[in-house]
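> Take this structure first; my questions come after.
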Amino acid sequence: MGQLTMYCYQSGESLSPNWVKYSITSPGVNNPYLPSSPYIIDAVDRYWAEDVQILGAWQDWSDAVCVVYRRTVDPMMTLGCRLEFHTNSADGTIEGFARDVAVNLAEPIGTQIARSRRDQHGIVWVAVPEGRHTSEPPIKVLQKIADR
């Protein structure tokens, strides 16, 4: 019999196999594999709303979140990043991780542009080299990109 990969849908959002496994093996404990996209959006809105416009953020099928955004310093460029939360990230909390991500989204790309690539939708995936998977952006995100 093969191995079964479990995904869980909660509030319309898919949660990763690690979230499911951690929830089963550690009941009643704060799950470090919670979807980080709401925390990232909240941190950007709180600290960098004048500098960064989030076009969309979605949980990737792994333990990652994809964020597509624009910055006021280069509003015609649509940027994307794929981020993975680990318990040793930032201060070990999802909130601390989100604050660090918000700062990074607002800062210049710098040398990471050399490790970036543009996809078929015009998104420049920062520090996501050719051959590295990024999930397809949701329709709502693609509509926002098209509405420039």
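> What would the Debye formula give as log10 I(q)/I(0) at q = 0.10, 0.17, 0.18, 0.20 Å⁻¹ for the alpha-carbon point model of segment 30-146, no solvent?
Computed log10 I(q)/I(0) values: -0.27, -0.81, -0.92, -1.15.
> Still on this structure, I have one more. For segment 70-101 and segment 120-148, compute the distance between their C-alpha centroids and round to whole Å.
Between the Cα centres of segment 70-101 and segment 120-148 lies a distance of 16 Å.
> Here's something else I'd like to know. Within a Cβ distance under 12 Å of ASP147, other residues only, what is the Lys/Arg minus Asp/Glu net charge?
+4
Taken together, the values in this text are just the output of simple stated rules run on the coordinates, not laboratory data. Here the structure is a predicted model, which is why all the values come from computation and not from measurement. Positions of Cβ are generated from backbone atoms using ideal geometry, with glycine treated the same way; all protein chains shown enter the neighbour counts.
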